[in-house]
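Following: one structure in structure tokens, then a few remarks.
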Amino acid sequence: MLWQYAHVSLLITNIGELVTNAPRDAVSVSSPGPFEAIADAAIVLDAGLVAWSGPAAEAPAADEVVDAAGRAVLPGFVDSHAHLVFAGERGAEFAARMAGLPYSAGGIRSTVAATRAARDDVLRSNLARLAGEMLAQGTTTFECKSGYGLTVADEARSVTLAGEVTPEVTYLGAHVVPAEFDGDVARYVDLVCGEMLAACAPSAKWVDVFCEDGAFGADEARAVLAAGEAAGLQPRIHANQLGPGPGVQVAVEAGAASADHCTFLSDTDVDALAASGGTVATLLPGVEFSTRSPYPDAQRLLSAGVTVAIASDCNPGSCFTSSMPLCVALAVREMRMTTAEAVWAATAGGARALRRTDVGHLGTGARGDLIMLDAPSHAYLAYRPGVPLVTGVWRSGERVA
Ligand code: NIG
Ligand code: FE
């Protein structure tokens, strides 16, 4: 008998607004371009990729047809910052914050204790639940960090578990100094740059460090990123979250793909990002929401020419949302982004922050990762905040939600 792979092409037509982030009329697009949208559009997915997009009236035939009935179609969200490998929860810490206590990085240690005590299957099922939440809300690519293990064995299992759900795995042994290393930061940094890195590097793509008072200083952050790079990992960084500091400068010096948080920026930081030629500023509006911090001004970055991404930072402490639609709405309302800028930042911007060219846009040849909104335009993500508008999700051309 002759077995043949019967792939089925799909035409989604009658799309009210198709956000492509790809130049119109380009024959093939190999990476995200600026925000771009087509009215009365159609798109064809074939063999897991975008095969065609354009005006619905000119659409070619396909094996299957979906009628979008005027709804909007967008690239799937690319969430470039999430901490999903953990056990326990910190709802009481959030409630205390809302009653007036400040956020402090110290809370991380309680999640470290719960994570170390958890069996693999508990961590795995937490991870699957959060990844499922993300997918249902339109996130088709996400990054996932370690950082709640902080022993060689617990960090190694964290990156291994993360690798079961995403290729975008980040080694964050330098999240905080664990209690057993109190008073001996240098010895912990040696472990992070030595035995722990060796155990984690084969399962990770990225190295990250929390550069902040109460976590790691500039020299320690430089050492962690340099050791990670020597082990084949690419740098990214938690920078300027809790106050002004050296994180952004360290990121730019290191040629990091992204400096994340950027809540407290000086003019020098903004200039450095603008001149960096590639370090994305990843804003995490859910964190400002959940810690009652001031929101950074995205317009200040955009008008300086900085590439801005938006991500969730989903974690049990500073921000326990997995919802990119919420982050888009917050970025529009609280960070002065236009709806187009925020949607671009949550798709193409995330792709830039992960150095990915195949996602974050719907140019011909891009991965067939897209979402349909129960709404006529991308603007509804901010216009109707809190409403579950994502009504269909396709990943690699397959309908998954
Ligand atoms: O990105 N800033 C450091 N890490 C996380 C928070 C982790 C936690 O509070 O558990 C963040 O906000
Ligand atoms: Fe984070």
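If you check P60, P34 for being under 30 Å from D313 (Cα atoms) and touching a residue at least 12 places away in the same chain (Cβ under 8 Å), only one passes: P34. Just one of the listed residues (L273, L225, L283, L233) is modelled with pLDDT of 95 or more and surrounded by fewer than 24 Cβ atoms within 10 Å (Cβ to Cβ), namely L233. Has the stretch 178-191 got any residue that is more than 19 Å from the chain's Cα centre (by Cα) and within 22 Å of L354 (Cβ to Cβ)? No; the residues of the stretch 178-191 include none that is more than 19 Å from the chain's Cα centre (by Cα) and within 22 Å of L354 (Cβ to Cβ). Filter the stretch 225-249 for residues that are of a type outside the set (A, V, I, L, M, F, W, C) and either within 22 Å of R292 (Cα to Cα) or touching a residue at least 60 places away in the same chain (Cβ under 8 Å) (or both) and give the result. Those that are of a type outside the set (A, V, I, L, M, F, W, C) and either within 22 Å of R292 (Cα to Cα) or touching a residue at least 60 places away in the same chain (Cβ under 8 Å) (or both): Q234, R236, H238, N240, Q241, G243, P244, G245, G247. Scanning the stretch 280-308 for residues that are of a type in the set (S, T, N, Q) and touching a Leu at 6+ places or on another chain (Cβ under 6 Å) returns no hits. Summed over the stretch 369-391, the residues that are under 22 Å from I12 (Cα atoms) and either of a type in the set (A, V, I, L, M, F, W, C) or surrounded by fewer than 24 Cβ atoms within 10 Å (Cβ to Cβ) (or both) give a count of 15. Inside the stretch 244-298, residues that are in a loop (DSSP other than H, G, I, E, B), of a type outside the set (S, T, Y) and within 16 Å of ligand 2 (Cβ to nearest atom) make up a count of 7. Filtering R236, R222 for residues that are among the charged types (D, E, K, R) and more than 15 Å from ligand 1 (Cβ to nearest atom) leaves a single hit, R222. Could you please give the count of residues in the stretch 302-328 that are away from ligand 2 (no atom under 16 Å from the Cβ), farther than 22 Å from D269 by Cβ and touching a helix residue (DSSP H, G or I) at 6+ places or on another chain (Cβ under 6 Å)? Total satisfying the criteria: 2. Test D182 against the stated conditions and say whether it is assigned by TED's automatic domain parsing to the domain that holds V122, closer than 24 Å to Y103 by Cβ and either in contact with a Lys or Arg (Cβ under 6 Å, 6 or more places away or on another chain) or of a type in the set (D, E) (or both). So D182 passes the test.
Taken together, the residues in the stretch 5-47 that are part of a loop (DSSP other than H, G, I, E, B) and either under 22 Å from the mean Cα position of the chain (by Cα) or crowded, with 19+ Cβ neighbours inside 10 Å (or both) amount to 11.
When the helices (runs of 4 or more DSSP H) confined to the stretch 66-141 are screened for residues that are under 30 Å from A22 (Cβ atoms) and touching a residue at least 40 places away in the same chain (Cβ under 8 Å), those reaching at least 2 such residues are found at 120-136.
Among the residues of the stretch 197-217, how many are out of contact with any Phe, Trp or Tyr (no Cβ under 8 Å at 6 or more places or on another chain), within 16 Å of ligand 1 (Cβ to nearest atom) and either under 21 Å from L284 (Cβ atoms) or assigned to a helix (DSSP H, G or I) (or both)? Within the stretch 197-217, residues that are out of contact with any Phe, Trp or Tyr (no Cβ under 8 Å at 6 or more places or on another chain), within 16 Å of ligand 1 (Cβ to nearest atom) and either under 21 Å from L284 (Cβ atoms) or assigned to a helix (DSSP H, G or I) (or both) number 5. Out of A118, A68, report the one residue that is within 24 Å of V328 (Cα to Cα), surrounded by 14 or more Cβ atoms within 10 Å (Cβ to Cβ) and away from ligand 2 (no atom under 16 Å from the Cβ). Matching residue, one of A118, A68: A68. In the set (1) at pLDDT below 95; (2) touching a Cys at 6+ places or on another chain (Cβ under 6 Å), N240 fails one condition alone, (1). Counting only residues that are within 16 Å of ligand 1 (Cβ to nearest atom), of a type in the set (S, T, Y) and surrounded by fewer than 23 Cβ atoms within 10 Å (Cβ to Cβ), the stretch 305-336 holds 1 of them. What number of residues within the stretch 142-178 are assigned to a loop (DSSP other than H, G, I, E, B), surrounded by 24 or more Cβ atoms within 10 Å (Cβ to Cβ) and in contact with a strand residue (DSSP E or B) (Cβ under 7 Å, 6 or more places away or on another chain)? Looking only at that region, the number is 4.
Here S303, S293, S323 are screened, and the one residue that is in contact with a strand residue (DSSP E or B) (Cβ under 9 Å, 6 or more places away or on another chain), modelled with pLDDT of 95 or more and among the polar types (S, T, N, Q) is S323.
Does V306 meet the test of being farther than 25 Å from I108 by Cβ, of a type in the set (A, V, I, L, M, F, W, C) and in a helix (DSSP H, G or I)? Answer is no for this residue.
The values are calculated or read from the model by the stated rules, or taken from the named source; none is laboratory data. Predicted model only: the values in this text are computed from it and were never measured. Methodologically, a virtual Cβ is constructed for each residue, glycine included, from the backbone with ideal geometry; neighbour enumeration extends over all protein chains shown.
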